[in-house]
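Asker: Take this structure first; my questions come after.
The values are calculated or read from the model by the stated rules, or taken from the named source; none is laboratory data. No experiment lies behind these values; they were computed from the predicted model shown. All Cβ positions, glycine included, derive from the backbone under ideal geometry; neighbour counts span all protein chains shown. Accessible surface areas use protein heavy atoms only, side chains included; no ligands, DNA or RNA. Shrake-Rupley method; radii C 1.70, N 1.55, O 1.52, S 1.80 Å.
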Amino acid sequence: MTPADVVGRLREAGLTVATAESLTGGLVAAALTDVPGASVVVRGGVVAYATDLKASVLGVDRGLLARRGAVDPDVAGQMAAGVRRALGADVGVATTGVAGPDPADGRPVGTVFVAVVHDGGTAAREHAFTGSRTDIRAASVAAALDLLAATVPNVRDGDGPRR
């Protein structure tokens with residue numbers, strides 16, 4: 001799914017989005033905001049690269065981070081919920097994972113979790129990407145956009161989309 005397609009779907013649904021990114025370092029927000037007219041749907045983004053920022057800025061549970069580390073599906077979900085709340089968006093999308101060169105939090109290089117949160121719930125996906133650090137980060141952006149696009153049709157508030 002291209003960023004333009006995702007922005008178009010969000011626009012058609014009358015929804016806004018916020019990004020919470022770790023390994024992608026703002027690449028998801030950059031992909032979305034590269035689309036002309038994205039300001040109608042993109043509220044903003046938070047790059048919480050350091051683990052402590054995931055807790056202090058995005059509200060990820062410190063106990064969860066201590067037990068499982070930052071590379072975890074529940075952490076991704078809490079990151080997405082936290083950025084959604086902090087930036088007042090209808091939908092939050094988050095990425096966390098290991099781009100390399102070394103494993104992290106007991107996870108091998110290429111392990112990535114992407115999550116999307118909205119009023120109706122949370123969708124989280126695990127990925128095992130291969131290739132260079134650049135390849136893994138690019139694949140993570142694509143996975144985030146794909147999950148976001150797949151989730152948009154399910155975001156409803158009462159009789160229709162949130163406005």
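Asker: Tally time: how many residues in region 102-139 are assigned to a strand (DSSP E or B), in contact with a helix residue (DSSP H, G or I) (Cβ under 9 Å, 6 or more places away or on another chain) and surrounded by fewer than 16 Cβ atoms within 10 Å (Cβ to Cβ)?
Answerer: Count: 2.
Asker: Only residues in region 35-63 that are without any contact (Cβ under 8 Å) to a residue 24 or more places away in the chain count as the first member; pair them with residues that are assigned to a helix (DSSP H, G or I) and small (Gly, Ala, Ser), Cβ under 7 angstrom, at least 6 apart or cross-chain, and list the lot.
Answerer: As it stands, the answer is VAL60/GLY82; ARG62/ALA55, since those pairs meet every condition given.
Asker: Please identify the pairs in which a residue from region 19-31 that is touching a residue at least 60 places away in the same chain (Cβ under 8 Å) and more than 13 Å from ARG84 (Cα to Cα) has its Cβ atom under 8 Å from the Cβ atom of a residue that is assigned to a helix (DSSP H, G or I) and of a type in the set (D, E, K, R), counting only partners at least 6 apart or on another chain.
Answerer: Pairs that qualify, where the first residue is touching a residue at least 60 places away in the same chain (Cβ under 8 Å) and more than 13 Å from ARG84 (Cα to Cα) and the partner is assigned to a helix (DSSP H, G or I) and of a type in the set (D, E, K, R), are SER22/LYS54; LEU23/ARG137; THR24/ARG137; GLY25/ARG137; LEU27/ARG137.
Asker: Assess whether ASP90 counts as being under 16 Å from ALA29 (Cα atoms), out of contact with any helix residue (DSSP H, G or I) (no Cβ under 7 Å at 6 or more places or on another chain) and not hydrophobic (A, V, I, L, M, F, W, C).
Answerer: Against the criterion (under 16 Å from ALA29 (Cα atoms), out of contact with any helix residue (DSSP H, G or I) (no Cβ under 7 Å at 6 or more places or on another chain) and not hydrophobic (A, V, I, L, M, F, W, C)), ASP90 qualifies.
Asker: If we keep just the residues of region 1-13 that are open to solvent by less than 20 Å² (accessible area, probe 1.4 Å) and touching a residue at least 40 places away in the same chain (Cβ under 8 Å), which is nearest to LEU145 (Cα to Cα)?
Answerer: Per the criteria, the residue is VAL6.
Results for (1) part of a helix (DSSP H, G or I); (2) at pLDDT below 95; (3) over 19 Å from LEU147 (Cβ atoms); (4) open to solvent by less than 10 Å² (accessible area, probe 1.4 Å), shown as yes or no for each residue.
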{"site": "GLY63", "(1), (2), (3), (4)": "yes, no, yes, no"}
{"site": "VAL71", "(1), (2), (3), (4)": "no, no, no, yes"}
{"site": "VAL75", "(1), (2), (3), (4)": "yes, no, no, yes"}
{"site": "MET79", "(1), (2), (3), (4)": "yes, no, no, yes"}
{"site": "GLY82", "(1), (2), (3), (4)": "yes, no, no, yes"}
{"site": "VAL93", "(1), (2), (3), (4)": "no, no, no, yes"}
{"site": "THR96", "(1), (2), (3), (4)": "no, no, no, yes"}
{"site": "GLY100", "(1), (2), (3), (4)": "no, no, yes, no"}
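Asker: If you don't mind, there's one more thing I want to ask. Determine which member of the set ALA144, ALA89 is within 13 Å of the chain's Cα centre (by Cα), closer than 18 Å to ARG43 by Cβ and part of a helix (DSSP H, G or I).
Answerer: Only one candidate passes the filter, namely ALA144.
Asker: Only residues that are open to solvent by less than 60 Å² (accessible area, probe 1.4 Å) and in a strand (DSSP E or B): list them for region 15-61, please.
Answerer: Scanning region 15-61 gives VAL17, ALA18, THR19, ALA20, GLU21, VAL42, GLY44, GLY45, VAL46.
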